[in-house]
Amino acid sequence: MAKKITKTNEERLTTLRQEELAIQLEKTRWHRFGKQIAKNWQVYVMLIPVILFFYLFKYRPIGGILVAFKNYDNYAETIGNADFYGLYAFKYIMFGPQADRFWQAFRNTFTLSTYGLFFGFPIPIILALFFSEIRNEKYRSFTQIISYLPRFISTVVITSIIALMQGCKQLRPDF
């Protein structure tokens, strides 16, 4: 009987030693991790913008995306407590009473994207190649400025200027 008691005590001692060893190992692991951070702190500082980017632009928008799949009629309750609607809203838009308007908008978007891909991609490259062939420095810089200037002026500003000029024509016919 005495041997069994001492054996269990020995087992207890070994388990206690193993637990102490695991705790000590865990302490040294965190200690080594802290030393590594202190040693390479510049790398971790450079990692902060990446973490912020993923938090702001990848993680936070999930709440807004979730609204598309919830029945959010009662604005007093939170999005998390709203009933799950699934793809009902998308089915209603694509196959509901105004489906023809959705598919027309979809077709217009696809067409504009395709035009932007085919014309918006190669034309600036071709224009840059043409500019590199102009020998006169002043003429080349002038043509570059004239061709790139509309990119820097907002479309709203240009349409406002045109609308104001048309308004001036109506007010003053000699203008």
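We did not get these values from a lab; they are worked out from the coordinates using the rules stated. Note that the structure is a prediction, hence the values are computed from the model and not measured. So basically every Cβ, Gly included, is an ideal-geometry build from the backbone, and we count neighbours across all protein chains shown.
What to note about this one:
- For the chain, the equivalent ellipsoid derived from the alpha-carbon gyration tensor has semi-axes of 66, 34, 18 Å in decreasing order.
- Kirkwood-based shape ratio for segment 46-106, expressed as Rg/Rh from alpha carbons: 1.17
- Working note: Cα gyration tensor of segment 121-175, eigenvalues times five, square-rooted, sorted largest first, giving semi-axes of 33, 15, 8 Å.
- Environment charge of residue 20, counting only residues whose C-beta is closer than 11 Å and scoring Lys/Arg +1, Asp/Glu -1: 0
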